[in-house]
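Worksheet for the structure shown next.
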Amino acid sequence: MAFCINPIIADVLDPPTGETRAWVEAGPRNSTLNVIDAAQAVPAYPPAEALRQHLSRIVQEPESAFYTPILGLSDLRKELAHDLSSEYHANINLEHVGIASGGNHAFCTAILALAAPGDNVILPEPFYFNHQMWFEMQGVDVQHLPCRETDRGMLPFATDAEALINPRTRAIVLISPNNPTGTIYSKEHIHSFYELARAHNLALIIDETYKDFLPTNEPAHDLFNEPDWEDVFVQLYSFSKVYSLTGYRVGSITAGGRLMAAISKIADTLTICAPRIGQEAALFGLRHLSEWRSQKNAELQARIAILHRAFAEHSPPFPLVSSGAFFAYVKHPFTGTPSLDVSRRLFDDLALLTWPGSFFGNGQEDYVRLAFANAGEADIEEMVRRLSTLST
Ligand SMILES: Cc1ncc(COP(=O)(O)O)c(C=O)c1O
């Protein structure tokens, strides 16, 4: 007799990333082309040299090996509160901020604190698959809110969400800039969801993992200025992307005191604290790398401009539905063909590694996601050129 696997976990979809990794291991059919990896959202650059030097010094100190307080080093919480306050023109203080072991961990703890099994949440579709997986693991029902194609990208609408709310709805989850579509929600759009959440006593969770990659310095929203934001809004952030710290596991939650108290219990039980070395890296980033942060954003914006130019020049039969931050969401021309087969063909024939729309939910078979931030500037142009050569 073998032991049982918790059926709830067994039923959760497998991390889809394994599938495309297997293609890479086997190699593309067309081996004359170099593989352009536009699959996973990882920065194409190493962490700043100064940060690496700082960490190599800091690991020599015995204290660096020890636990920190549950919600993180006070200096880091203070620094992040200050940073967010200036970014959003708001008054955020240390008590509002908790440090998590990455953006995913921040999300998981927030959901655990907000929703019980049998409750439900509203999740726009396409979704970030780890969000969906966590809900399934928690027995939290998901009410999918289909996004609509608009001239401002793929958008969920508060008016559509309202019809999904019932007495067991606990939260609405948004991501902006969005993964997988790249769509950046306007202030007004975000505000419409805030109004809806407030009217129905729901939490509005916004995953702002990609907030360092906005095209302007304007605050992404004004929710931190709402007098009752602590009763409605939960902001999630990740230090993984802009500072290229994906392996150090550090992110944050910014919320009101009631939620932070619940999250403390969960975070203590799960990890006791976020990795200290990751926290030190984040602290160094906030204190010393603001110019680096702007520069990395400028580089990404330049890539987006190259992407747009290349689409205009080569006119591939893959209309660009939406783009921003690390991602472009394109519609493929093979109507009726599963998006996984399309991605497979892009890999085999063009050595282009993409993720199919089906990784991101129902109704996504017509789409493919390009995580172009991974690719260098020349590769972005080449990627679009190759798309334009695919015979339909
Ligand atoms: C929307 C979103 N949230 C969270 C994460 C995970 O961030 P972290 O590495 O900090 O866990 C990602 C990573 O791709 C993401 O796209």
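Of the residues examined, F284 is not one that is closer than 24 Å to S64 by Cβ, within 16 Å of the ligand (Cβ to nearest atom) and touching a residue at least 24 places away in the same chain (Cβ under 8 Å).
Here's the yes/no breakdown for (1) among the small types (G, A, S); (2) touching a Ser or Thr at 6+ places or on another chain (Cβ under 6 Å); (3) free of Cβ contacts under 8 Å to residues at least 24 places away in the same chain; (4) under 19 Å from P177 (Cβ atoms):
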residue	(1), (2), (3), (4)
K78	no, no, yes, no
P117	no, no, yes, no
N120	no, yes, no, no
F129	no, no, no, yes
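Applying the set (1) closer than 17 Å to I184 by Cα; (2) within 16 Å of the ligand (Cβ to nearest atom) to T216 leaves exactly one unmet item: (2).
Being surrounded by fewer than 22 Cβ atoms within 10 Å (Cβ to Cβ), over 16 Å from the mean Cα position of the chain (by Cα), within 16 Å of the ligand (Cβ to nearest atom) and under 21 Å from V250 (Cα atoms) holds for only one residue in L112, L94, and it is L112. Restricting attention to region 354-378, the residues being hydroxyl-bearing (S, T, Y) and crowded, with 24+ Cβ neighbours inside 10 Å number 2. Considering only residues in region 202-219 that are in a loop (DSSP other than H, G, I, E, B), in contact (Cβ under 8 Å) with a residue 12 or more places away in the chain and not acidic (D, E), the one that is surrounded by the most Cβ atoms within 10 Å (Cβ to Cβ) turns out to be T209. Residues of region 309-321 include none that is modelled with pLDDT of 95 or more, within 16 Å of the ligand (Cβ to nearest atom) and within 21 Å of the chain's Cα centre (by Cα). If I ask for residues that are within 16 Å of the ligand (Cβ to nearest atom) and without any contact (Cβ under 8 Å) to a residue 12 or more places away in the chain, which ones from region 46-76 would you list? Answer for region 46-76, where residues must be within 16 Å of the ligand (Cβ to nearest atom) and without any contact (Cβ under 8 Å) to a residue 12 or more places away in the chain: there is none.
The set of residues from region 21-45 being within 30 Å of A298 (Cβ to Cβ) and within 16 Å of the ligand (Cβ to nearest atom) comprises D37, A38, A39, Q40, A41, V42, P43, A44, Y45. Each residue in region 302-333 was checked for being surrounded by fewer than 14 Cβ atoms within 10 Å (Cβ to Cβ) and either hydrophobic (A, V, I, L, M, F, W, C) or in contact with a Gly (Cβ under 7 Å, 6 or more places away or on another chain) (or both), and 3 pass. Contact map, region 239-264: residues that are basic (K, R) paired with residues that are more than 11 Å from the ligand (Cβ to nearest atom), Cβ distance under 7 Å, separation 6+ or inter-chain. Pairs shown: K241/D212; R249/P275.
Could you please find all residues in region 1-39 being closer than 29 Å to W292 by Cβ and either in contact with a Pro (Cβ under 8 Å, 6 or more places away or on another chain) or surrounded by 15 or more Cβ atoms within 10 Å (Cβ to Cβ) (or both)? Of everything in region 1-39, those that are closer than 29 Å to W292 by Cβ and either in contact with a Pro (Cβ under 8 Å, 6 or more places away or on another chain) or surrounded by 15 or more Cβ atoms within 10 Å (Cβ to Cβ) (or both) turn out to be V35, I36, D37, A38, A39.
Yes or no: region 165-182 includes at least one residue that is of a type in the set (S, T, Y), within 16 Å of the ligand (Cβ to nearest atom) and in contact with a Cys (Cβ under 8 Å, 6 or more places away or on another chain). Yes, there is a match, as at least one residue in region 165-182 is of a type in the set (S, T, Y), within 16 Å of the ligand (Cβ to nearest atom) and in contact with a Cys (Cβ under 8 Å, 6 or more places away or on another chain).
Taking region 326-339 as the region of interest, how many residues are modelled with pLDDT of 95 or more and either within 16 Å of the ligand (Cβ to nearest atom) or hydrophobic (A, V, I, L, M, F, W, C) (or both)? Of the residues in that region, 5 qualify. Residues in region 44-67 that are in a loop (DSSP other than H, G, I, E, B) and crowded, with 20+ Cβ neighbours inside 10 Å: P47, A48. If we scan region 181-200, do we find a residue that is among the basic types (K, R), under 30 Å from Q301 (Cβ atoms), touching a residue at least 12 places away in the same chain (Cβ under 8 Å) and surrounded by fewer than 20 Cβ atoms within 10 Å (Cβ to Cβ)? Yes: one or more hits.
The values are calculated or read from the model by the stated rules, or taken from the named source; none is laboratory data. What you see is a predicted model, and the numbers here were worked out from it, not measured in a lab. All Cβ positions, even for glycine, are placed from backbone atoms using ideal geometry, and neighbour counts span all protein chains on display.
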